[in-house]
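This report concerns only the one structure given below.
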Amino acid sequence: MTRPPMPAHRPERVALWRHLRMFRRDILSAQPAKLYRAKMAEFRLPFLQSVMVNTPDLVRLVLQERAGDFPKSGRVREGLRPLLGNSVFVTNGATWARQRRMIDPAFEGGQLKDSFPAMWGATEAMAARLTEGWAEVEALTSHAAADVIFRTLFSVPIEDRAAAEVYTAFRAHQRAAPILNLAAVVPLPRWLPRPMPRRARATAKRIRALITGMTAARAAAIAAGTAPDDLATKIMTTRDPDTGMCFATEEMVDQVAIFFLAGHETSASALAWALYLIATHPDWQAQLAAEAQAIRPHIGGPAPDFSILRQFPRIRDTFREALRLYPPVPMMVREAAQPETFRNRPIAAGAQVIVSPWHMGRNEHIWPDPHAFRPERWQQGSSRAQARDGYIPFSAGPRVCPGAGFAMAEAVLILARLLADWQVHADPARVPIPQAHMTVRAHDGIWLQFQRRELHSNM
Ligand code: HEM
């Protein structure tokens, strides 16, 4: 049984300049191993106090009980504004609350079922693209997750001209601004100019122009009564119960940009790591493959009923475990709006407060054998308390990811469809090392070999 790969850790003591350089390169390997045990860690710099909270009670305080006192950091906003404008991901206060009131209904349980046929279409398309041999799975899952977003949001497959252009522009943008989001975590003074590279600014503008075209076309179709009943139509026709207003086109463009970004990068990352974990645990893979056969009668036909997902409990637990070990959003940044005292230590107003799904998911005080892949832990009674205390891949509290249910459904479906037909094998000489880019990715990609499953082989 292979141990899931981990990033290297920095030594306990390093010079400030070196630490900052490490931070910029990869925030995961810039952390010392003791953060898997520490209750809190403080980085006191001449220009900024930055504190990582690492106990369930402090995480609950920041994300849930007093979420309003720990708003999204201005640093996150600055870095993401050219692409995301005033999207729900970066706003705070009343604007954020209004946006959530209008977005949340589209992702509620019943509505999720309406998106399922579009997810199925993307899953079948992914299966048709697979071929025997070695493949870099992050590219594969990224393509599939982007297709899911376009089909569920705008009822178009990724081959659609506008969708394909958005996807291509996003990839160029990631290359131009690879640490866009994480720049927010790097503790540099606010006054230090950190302009987005010119190329990234240009790709952000291009993406927004393309999305504006799609959103304006949809607004016209809604007005003409010809719009399909998908997520875009649902969100654009939802009126804020307090003001009676719908999103204006510009504000909707901001939301579409974050649905695309948050919805496809994250799922792609988690799916790729899940496949790697499955490939490196062949006995478990055989059990998952047996479970996945329930999807076989539906292949090539219309979407099965949403309830089919209940037939894949082990696949669901595998994905949960992948999210615990490799949370796509490794760290989240908030700002203390007022002075606080955490564990008898003063926290200044304006201090940066970091919550780390990566460290909570591997916290040695919470999880037995925290760095091991043990999907069966989710079947044990104790997992409920462990999840309550240490499981935050989708965050928690009022800013919890609105797409969590969507992402779980999508992932279980994609994994089941894939494992029904294919065996995946890892190359022991090519171990992927996690690194935090926009999401947690592998340093040199995740390479797996795909082999068509013989129906009568011992799965
Ligand atoms: C495995 C997949 C996913 C993971 C792990 C994930 C994780 C997260 C996390 C950790 C946050 C909080 C970030 C923060 O507060 O700094 C978040 C927020 C968000 N996510 Fe997801 N997400 C996933 C999929 C999706 C999908 C599929 C969508 C939509 C289609 C989505 C839409 C959003 C939005 C709009 C926010 C901002 C919410 C707010 O600030 O109020 N996510 N997600």
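Over the chain, what is the percentage of antiparallel beta bridges among all DSSP beta bridges, to the nearest 5?
Numbers: 25 of 29 bridges.
Approximately 85 percent, going by the DSSP bridge assignments.
Calculate the spin-label point distance for S382 paired with Q449, positioning each point 7 Å from the Cα along the beta-carbon direction, and give it in nanometres.
If labels sit at Q449 and S382, their model points lie 3.8 nm apart.
Where the accessible area of the range 96-180 is counted over protein heavy atoms with a 1.4 Å probe, how much of it, in %, is carbon and sulfur? Before the final figure, lay out each step's value.
Values: 1810 of 3170 Å².
Solvent-exposed carbon and sulfur of the range 96-180 make up 57 percent of the total.
Hey, what's the range 16-452 come to in accessible area per residue, 1.4 Å probe, Å²?
Working: 17100 Å² over 437 residues.
Value returned for the range 16-452: 39 Å² of accessible area per residue.
What are the aspartates and glutamates whose alpha-carbon lies under 15 Å from the alpha-carbon of K72, with same-chain residues fewer than 8 places away excluded?
E335
Taking a point 7 angstrom from the Cα of A8 along the C-beta vector, which residues in the range 418-437 have backbone N less than 19 Å away?
What the label zone holds, given the 19 Å backbone N cut-off, is 429-437.
Using alpha-carbon positions, what is the distance between the centroids of the range 57-125 and the range 26-54, in Å?
26 Å
Please give every one of the aspartates and glutamates within straight-line cross-link reach of K234, meaning a C-alpha to C-alpha distance under 12 Å, and leave out same-chain neighbours fewer than 8 residues apart.
Leaving aside aspartates and glutamates fewer than 8 places away in the same chain, those within reach of K234 are D104, E108, D114.
Once the Cβ-Cβ distance between R345 and T243 is put in as r, and R0 is 45 Å, what FRET efficiency do you end up with, to the nearest 0.05? Present the calculation step by step, with values, prior to reporting the outcome.
On the way: r = 42 Å, r/R0 = 0.93.
According to the calculation, E is roughly 0.60.
Do the sum for the chain: with -39,500 (n - 2.57) for every DSSP H run of n ≥ 4, divided by all residues, what is the mean residue ellipticity at 222 nm, to the nearest 500 deg cm²/dmol?
Details: 15 runs with 212 residues, N = 459.
The helix contribution divided over the chain gives -15000 deg cm²/dmol.
In terms of the Cα gyration tensor, with a ≥ b ≥ c the square roots of its eigenvalues, is the chain rounded because a/c is under 1.5, prolate because a/b exceeds b/c, or oblate?
Numbers: a/c = 1.58, a/b = 1.11, b/c = 1.42.
Since a/c reaches 1.5 but b/c is at least a/b, the shape of the chain is classed as oblate.
The values are calculated or read from the model by the stated rules, or taken from the named source; none is laboratory data. Note that this is a predicted model, so its numbers are computed, not measured. Note that we place each Cβ from the backbone using ideal geometry, even for glycine, and neighbour counts take in every protein chain shown. With ligands, DNA and RNA removed, areas are computed over all heavy atoms of the protein, side chains included. Shrake-Rupley method; radii C 1.70, N 1.55, O 1.52, S 1.80 Å.
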